[in-house]
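The values are calculated or read from the model by the stated rules, or taken from the named source; none is laboratory data. Just so we're clear, the structure is a prediction, and the values are computed from it rather than from any experiment. All Cβ positions, glycine included, derive from the backbone under ideal geometry; neighbour counts span all protein chains shown. With ligands, DNA and RNA removed, areas are computed over all heavy atoms of the protein, side chains included. Shrake-Rupley method; radii C 1.70, N 1.55, O 1.52, S 1.80 Å.
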Amino acid sequence: MNETFENQNTDNVTAAGQRLDEVRERIERAAKSVGRQDSTISLIAVSKTQPAAAIIPVIHAGHRLFGENRVQEAQGKWPELKAKFSNLELHLIGGLQTNKVKDAVQLFDYIHTVDRPKLARAISREIQKQGKKPKLFVQINTGDEPQKSGIRLDDVDKFVDQCRDEFKLEIEGLMCIPPVDEEPALHFALLQKIAEKQHITSLSMGMSADFETAVQFGSTHVRVGTAIFGARQK
Ligand SMILES: *Cc1c(COP(=O)(O)O)cnc(C)c1O
């Protein structure tokens, strides 16, 4: 018998439920403050670096949406969890190499990090091959940071058009990670503006430190790790 699956410690489940409730209440308050319904906001529990033993209490507490930033790490945890628990929704929130696209399309329900034509083309091919259709977000480098991935601001319109026209991809949303040393609100507002222009309805923005601000600027998918799981092991 697999101990991590069968021997659930109820204290762990209760604690996970409390942390989830706290984050959900903060989302609800932030949504209310700008006249939004919190039901329009998906909370993605970012479980990168967390072992299955830390994830299972969160699932038992009722949560179903999870985010991972590495395909290989996710492959080590999620096929077994998906077999055991129903209705799980898995989000890829980290950079994707083209040689991992096949695996990513197989495992993930959402890909938040479409950030270059070569990757978009590879995803398009895999979608056709597998007949599986993950929802796609384009990552935007709102701070135009040279070391950061994401489409540069000047190239957004061209890239979104190319995804739609050339690769026949439906673009569900936009995603950004604001520069660490800048006011995130400026970047969230910018992403919201770009999305409106492109008639894109979903926005993946906000992490543990800034998800309330993101909600006030229209985020539909907040990606929260530390506030749910506690600090990550290095
Ligand atoms: C790790 C990560 C998160 C979650 O970060 P926390 O600060 O732990 O909430 C969100 N988005 C991305 C892209 C990440 O890599």
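Placing unit charges on C-beta atoms (Lys and Arg positive, Asp and Glu negative, everything else neutral), compute the dipole magnitude of the chain about its Cα centre in debye, rounded to 20.
680
How far apart, in nm, are two points set 7 Å out from the Cα along the Cα-to-Cβ line at E170 and at H199?
So the two model labels end up 1.4 nm from each other.
Under a GNM of the chain (C-alpha, springs under 10 Å), which listed residue has the highest mean-square fluctuation: G131, G94, G143?
Greatest mean-square fluctuation among the candidates belongs to G131.
If I require 18 Å or longer along the helix axis, counting alpha carbons, and a Kyte-Doolittle average no lower than -1.0, what helices from the chain are left? Use full DSSP H segments.
The answer, listed by residue number, is 117-130, 184-197.
With the chain treated as a Gaussian network of Cα nodes joined by springs under 10 Å, which of K118, K158, K132 yields the largest mean-square fluctuation?
Of K118, K158, K132, the most mobile in the Gaussian network model is K158.
Leaving out ligands and nucleic acids, and using a 1.4 Å probe, what accessible area per residue does the range 111-214 come to in Å²?
Ligands and nucleic acids excluded, the figure is 50 Å² per residue.
Are any of the pairs K32/K100; K32/K132; K102/K158; K129/K193 more than 28 Å apart by Cα-Cα distance, and if so, which?
Over 28 Å apart, Cα to Cα: K32/K100; K32/K132; K129/K193.
Specify which residue in the list G94, Q192, T220 is farthest towards the positive end of the charge dipole of the chain, using unit charges on the beta carbon of Lys, Arg (+1) and Asp, Glu (-1), about the Cα centre.
The residue sitting most towards the positive pole is G94.
Please state, rounded to one decimal and in Å, the Kirkwood hydrodynamic radius that the chain gives when every pair of distinct Cα atoms enters the mean of 1/r.
Details: mean 1/r = 0.0548 Å⁻¹.
The Cα-based Kirkwood calculation yields 18.2 Å.
From Cα coordinates alone, what are the radius of gyration and Dmax values for the range 156-234 in angstrom?
14.2, 43
Please give the Cα centre distance for the range 162-234 versus the range 20-68, rounded to the nearest Å.
Using only Cα atoms, the two centres lie 15 Å from each other.
Heavy atoms only, probe 1.4 Å: what % of the accessible area of the chain goes to carbon and sulfur, would you let me know?
For the chain, the apolar C and S fraction of the accessible surface comes to 46 percent.
Before anything else, pin down the relative contact order of the chain: Cα pairs under 8 Å, at least 6 apart, normalised by residue count, whole percent.
Working: 401 pairs, mean separation 46.3, N = 234.
The value is 20 percent.
Taking +1 at the Cβ of each Lys and Arg and -1 at the Cβ of each Asp and Glu, which of V114, I55, I44 sits farthest along the dipole of the range 1-115 towards its positive end, judged by Cα position relative to the Cα centre?
It is V114, whose Cα lies furthest towards the positive end.
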